[in-house]
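Undergrad: Dropping a structure here in structure tokens format, bear with me for questions.
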Amino acid sequence: MRVKDYEVPEDLYYTKEHEWVRVVSKDKVIIGITDYAVKMLKDIVYFSLPQVGQELKFMESLGTVESIKAVSEIYSPLSGKVIKVNERLFTEPELAYRSPYSEGWIIELEPKKLDEELKLLLKAEEYAKLIQG
């Protein structure tokens, strides 16, 4: 689905803070920041990301994204353990801008309360309404 100039994939879950979640299995989700977020940030120059093995709590900061304009927190949409970090973002931070829903993913997480916390996130239609203003 497209909203204005932003892509909003219908198979993802979203936060009001502009993170997305792709459920791969009950033991693995992929997390990133939305097309809307990267276009608002514009020129992304740096990511600060968690360590593999780090435990994250629901809507706790997992790191930051830095653009020429600002530094923004990235929040974990789910609780769980970091199982993989997209290390390409350290040398190619622009991946998040070019391909926010595929190559520009941020972390893979082993969720602790998947079903419970997914209910607290936005579906694509709800997120689309949020970014429409």
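Undergrad: Report the residue count in the stretch 60-73 for those that are in contact with a helix residue (DSSP H, G or I) (Cβ under 9 Å, 6 or more places away or on another chain) and either at positive phi or part of a strand (DSSP E or B) (or both). It would help to see each step written out before you state the result.
TA: Of the stretch 60-73, the ones in contact with a helix residue (DSSP H, G or I) (Cβ under 9 Å, 6 or more places away or on another chain) are 65-70, 72.
Subsequent filtering for residues that are either at positive phi or part of a strand (DSSP E or B) (or both) retains 65-67, 72.
Total meeting the criteria: 4.
Undergrad: Condition (residue is within 18 Å of Y14 (Cβ to Cβ) and touching a Lys or Arg at 6+ places or on another chain (Cβ under 8 Å)) applied to the stretch 53-60: is it met by at least one residue? Break it down into steps so the answer makes sense when it comes.
TA: Within the stretch 53-60, the subset within 18 Å of Y14 (Cβ to Cβ) is 56, 58-60.
Right, trim to touching a Lys or Arg at 6+ places or on another chain (Cβ under 8 Å) and you get 56, 58.
Yes, that holds for at least one residue.
Undergrad: Further, regarding this structure: Is there a residue in the stretch 40-49 that is under 18 Å from L121 (Cβ atoms) and assigned to a strand (DSSP E or B)? Step through it out loud before you land on a result.
TA: Narrowing the stretch 40-49 to residues under 18 Å from L121 (Cβ atoms): none.
So far as the stretch 40-49 goes, no, none of its residues is under 18 Å from L121 (Cβ atoms) and assigned to a strand (DSSP E or B).
Undergrad: Looking for something farther than 25 Å from G133 by Cβ, out of contact with any Ser or Thr (no Cβ under 9 Å at 6 or more places or on another chain) and crowded, with 19+ Cβ neighbours inside 10 Å - is there at least one such residue anywhere in the stretch 29-44?
TA: Our first condition is that a residue be farther than 25 Å from G133 by Cβ; within the stretch 29-44, this holds for 29-30.
Still in the running and out of contact with any Ser or Thr (no Cβ under 9 Å at 6 or more places or on another chain): 29-30.
Those left that are additionally crowded, with 19+ Cβ neighbours inside 10 Å: 29-30.
The answer is yes, given that some residue of the stretch 29-44 is farther than 25 Å from G133 by Cβ, out of contact with any Ser or Thr (no Cβ under 9 Å at 6 or more places or on another chain) and crowded, with 19+ Cβ neighbours inside 10 Å.
Undergrad: If you take the residues of the stretch 88-118 that are part of a helix (DSSP H, G or I) and basic (K, R), which of them is nearest to T64 (Cα to Cα)?
TA: Step one: filter the stretch 88-118 for residues part of a helix (DSSP H, G or I), giving 88-91, 95-98, 114-118.
Subset that is basic (K, R): 88, 98.
Values: R88: 15, R98: 18 Å.
Result: R88.
Undergrad: Which ones in the stretch 97-122 are exposed (fewer than 14 other Cβ atoms within 10 Å of the Cβ) and closer than 24 Å to K26 by Cβ? Steps first, answer last, please.
TA: Within the stretch 97-122, the subset exposed (fewer than 14 other Cβ atoms within 10 Å of the Cβ) is 98, 102, 113, 115-116, 119-120.
Correct list: S102, K113, D115, E116, K119, L120.
Undergrad: What pairs can you find where one residue is in the stretch 3-22 and surrounded by fewer than 18 Cβ atoms within 10 Å (Cβ to Cβ), the other is in a strand (DSSP E or B), and their Cβ atoms are less than 6 Å apart, with a gap of 6+ or different chains?
TA: E17/Y75; R22/I30
Undergrad: Here's something else I'd like to know. Would you check if E55 is more than 22 Å from E126 (Cβ to Cβ), open to solvent by 60 Å² or more (accessible area, probe 1.4 Å) and under 15 Å from the mean Cα position of the chain (by Cα)?
TA: Working: more than 22 Å from E126 (Cβ to Cβ): yes; open to solvent by 60 Å² or more (accessible area, probe 1.4 Å): yes; under 15 Å from the mean Cα position of the chain (by Cα): no.
When the stated conditions are applied, E55 does not pass them.
Undergrad: What pairs come out if I take residues in the stretch 24-46 that are farther than 15 Å from P77 by Cα and pair them with residues that are loosely packed, with under 13 Cβ neighbours inside 10 Å and of a type in the set (A, V, I, L, M, F, W, C) whose C-beta lies under 9 Å away, six or more apart or interchain?
TA: Within 9 Å, the pairs are L41/I68; L41/A70; K42/I68; D43/I68; I44/I68; V45/I68; Y46/V71; Y46/F90.
The rows are residues; the columns are (1) hydrophobic (A, V, I, L, M, F, W, C); (2) at negative phi; (3) in contact with a Ser or Thr (Cβ under 6 Å, 6 or more places away or on another chain); (4) at pLDDT 95 or above.
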position: F58; (1), (2), (3), (4): yes, yes, yes, yes
position: E92; (1), (2), (3), (4): no, yes, no, yes
position: I106; (1), (2), (3), (4): yes, yes, no, yes
position: K112; (1), (2), (3), (4): no, yes, yes, yes
position: E117; (1), (2), (3), (4): no, yes, no, yes
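The values are calculated or read from the model by the stated rules, or taken from the named source; none is laboratory data. Because the structure is a prediction, the values reported are computed rather than measured. FYI the Cβ positions are ideal-geometry reconstructions off the backbone, even for glycines, and counts take in every protein chain you see. Heavy atoms of the whole protein, side chains included, go into the accessibility calculation; ligands, DNA and RNA do not. Shrake-Rupley method; radii C 1.70, N 1.55, O 1.52, S 1.80 Å.
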